[in-house]
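Working notes for the structure below.
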């Protein structure tokens, strides 16, 4: 598989693993609306049902342990706009940071499977969409390193999606 | 993209109001608010189905959420999402669905059964359109259907299916701007009035059949004539069920462009198997009852047919009732039995294309109106 495709596939899989570990259902929305993955929590009580949608960008960095304030991601303007404004289902941008070499994506031992390296999230709901942006093909977004994506944070983001 | 898949552009054109109307007429019930959407629920045999209807078209994910709803509704109704979308998007047409399950394998229908159902739908719609066009209640409809009714049948669209036959009845657009002081809405278009009559008549026939099952009394059908029940309608309903494994259902959907009174709030009429022979009986019963006595009446118009029994014994003429006739005879053909002298006068009037006028007692015999003891004017 071509490196970029492999990287993208790996990034989506990492997030899917976190969702599965939390016991949440996940999948690709139909029809294709540019969202890479939805994560849902189903409950017999519909009032507790929740769903979020994720747009996943994967980026390789020389030193995944040292990304400073965060990771800069470039989004198509159309995709950026999808994540802004009022939404019935909250949507987030997720940046998955990987090592430069695909051989280092996964480390398997008898004790554990280690996925390298991390995923971070950001909400763009309140980001302004300016006329200047509309004239550009892409928009640069910083995904902060403080927003580490974990099983727990996925649960918290789902809580925010409840009525 | 699958051929049945809907594009986001198509989905974004559906208005919340139109979707809500579809859900309501399909039996869904509004059940609270969730963020920027309304929750709707439907009781099903398994468990309650739930969908969320986005309330704001300005939501960034409006089209996607409409897609979620559409695919969920399609799954509940066991129909393609495209078909559900079309029902929601057609705001200028009432939609009736006839649901007939036969013994054919799922997804198919025997050719002969499909034709029977299609013919039944044609007769059902034509009977309702004829009743509405005539503007009066009759036990039996005339053989020659009014042009307005035939025109509606020519414009109505049928989407045949294996189990669900969908009928689209076009509604005329509201033409022009209403005057500012016009406080009431214009009269609904002919297509809507036909749909409403069909709803009332089908429910009346259903209820009369259910009562008749218990009481063995068919008089409920005679009372139903005031709601548009006719022998023709009963026969059409019976025909629709003739191929069904276990009865059939008619489901009404109302175009959102024209408001519909709250009284039309029972969208699905299910005719169980037990009701079908009653409907056949009712059709015969109404035909038998079709001998109505008319009060003293006047008929004025041209002689359109002449028939002499034997030489010098008078004859029978048919007069097309025109202006000056009793109002309930207008545009109908009235048969008059005449003595020899009067028959000769009628021949003369016929040759000169003059009108003739008679007073007398009119009775309905089958579909014919017959005037007895006529007096010329």
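The values are calculated or read from the model by the stated rules, or taken from the named source; none is laboratory data. All values derive from a computational prediction rather than experimental measurement. Cβ coordinates were reconstructed from backbone atoms using ideal geometry, including for glycine residues, and neighbour counts include every protein chain displayed.
For the stretch B:240-260, taking the residues that are outside any loop (DSSP other than H, G, I, E, B) and more than 15 Å from the chain's Cα centre (by Cα), the one that is nearest to residue B:115 (Cα to Cα) is identified as B:241. One residue stands out among those in the stretch B:6-27 that are within 14 Å of chain A (Cβ to nearest Cβ) and in contact with a strand residue (DSSP E or B) (Cβ under 7 Å, 6 or more places away or on another chain): the one that is surrounded by the fewest Cβ atoms within 10 Å (Cβ to Cβ), which is B:16. Among the conditions (1) modelled with pLDDT under 90; (2) within 10 Å of chain B (Cβ to nearest Cβ), residue A:63 misses just one, which is (2). Restricting B:27, B:32 to those that are in contact (Cβ under 8 Å) with a residue 60 or more places away in the chain and more than 16 Å from residue B:90 (Cα to Cα) reduces the list to B:27. Just one of the listed residues (B:197, B:152) is buried (at least 16 other Cβ atoms within 10 Å of the Cβ), in a helix (DSSP H, G or I), at pLDDT 90 or above and out of contact with any strand residue (DSSP E or B) (no Cβ under 9 Å at 6 or more places or on another chain), namely B:197. Residue B:363 passes all but one of (1) closer than 30 Å to residue B:205 by Cα; (2) touching a helix residue (DSSP H, G or I) at 6+ places or on another chain (Cβ under 7 Å); which number fails? Among (1) closer than 30 Å to residue B:205 by Cα; (2) touching a helix residue (DSSP H, G or I) at 6+ places or on another chain (Cβ under 7 Å), the lone unmet condition for residue B:363 is (2).
For the stretch A:67-85, the tally of residues that are more than 12 Å from chain B (Cβ to nearest Cβ) and touching a strand residue (DSSP E or B) at 6+ places or on another chain (Cβ under 9 Å) stands at 10. Within the stretch A:86-116, the residues that satisfy the criterion of being in contact (Cβ under 8 Å) with a residue 40 or more places away in the chain and within 14 Å of chain B (Cβ to nearest Cβ) are A:89, A:90, A:91, A:92, A:93. Checking residue B:10 against (1) under 33 Å from the mean Cα position of the chain (by Cα); (2) part of a loop (DSSP other than H, G, I, E, B), only one condition comes out false. Which one? Just one mismatch for residue B:10, condition (2). Would the stretch B:108-123 turn up any residue that is loosely packed, with under 15 Cβ neighbours inside 10 Å and modelled with pLDDT under 90? Yes: one or more hits. Somewhere in the stretch B:87-107, is a residue in a helix (DSSP H, G or I) and modelled with pLDDT of 90 or more? No, the stretch B:87-107 contains no residue that is in a helix (DSSP H, G or I) and modelled with pLDDT of 90 or more.
Residues of the stretch B:71-86 that are within 27 Å of residue B:192 (Cβ to Cβ), surrounded by fewer than 21 Cβ atoms within 10 Å (Cβ to Cβ) and touching a helix residue (DSSP H, G or I) at 6+ places or on another chain (Cβ under 9 Å): B:74, B:77, B:79, B:80, B:82, B:83. Scanning the stretch B:28-38 for residues that are at the interface with chain A (Cβ under 10 Å from one of its Cβ atoms) and part of a loop (DSSP other than H, G, I, E, B) turns up B:35, B:36. Candidates are the residues of the stretch B:39-50 that are outside any loop (DSSP other than H, G, I, E, B) and surrounded by fewer than 18 Cβ atoms within 10 Å (Cβ to Cβ); the one that is farthest from the other protein chains (Cβ to nearest Cβ) is B:49.
Among the residues examined, residue A:48 does not qualify as within 14 Å of chain B (Cβ to nearest Cβ), surrounded by fewer than 17 Cβ atoms within 10 Å (Cβ to Cβ) and either at pLDDT 95 or above or under 17 Å from residue B:63 (Cα atoms) (or both). Residue count for the stretch A:117-144, restricted to those that are under 21 Å from residue A:8 (Cβ atoms) and more than 14 Å from chain B (Cβ to nearest Cβ): 13. The sole residue among A:97, A:129, A:139, A:143 that is modelled with pLDDT under 95, within 25 Å of residue A:52 (Cα to Cα) and assigned to a strand (DSSP E or B) is A:139. Across the stretch B:261-279, a minimum of one residue is classified as assigned to a loop (DSSP other than H, G, I, E, B) and modelled with pLDDT under 80.
Scanning the stretch B:51-63 for residues that are surrounded by 16 or more Cβ atoms within 10 Å (Cβ to Cβ), touching a residue at least 12 places away in the same chain (Cβ under 8 Å) and at the interface with chain A (Cβ under 10 Å from one of its Cβ atoms) yields B:52, B:53, B:54, B:55, B:59, B:62, B:63. Of all residues in the stretch B:172-194, one or more are modelled with pLDDT under 95, crowded, with 18+ Cβ neighbours inside 10 Å and out of contact with any helix residue (DSSP H, G or I) (no Cβ under 8 Å at 6 or more places or on another chain).
When we screen B:249, B:283 for residues that are in contact with a helix residue (DSSP H, G or I) (Cβ under 6 Å, 6 or more places away or on another chain) and either within 22 Å of residue B:339 (Cα to Cα) or surrounded by 12 or more Cβ atoms within 10 Å (Cβ to Cβ) (or both), the only hit is B:283. Restricting B:67, B:74 to residues that are at pLDDT 90 or above and more than 8 Å from every other protein chain (Cβ to nearest Cβ) narrows the list to B:74.
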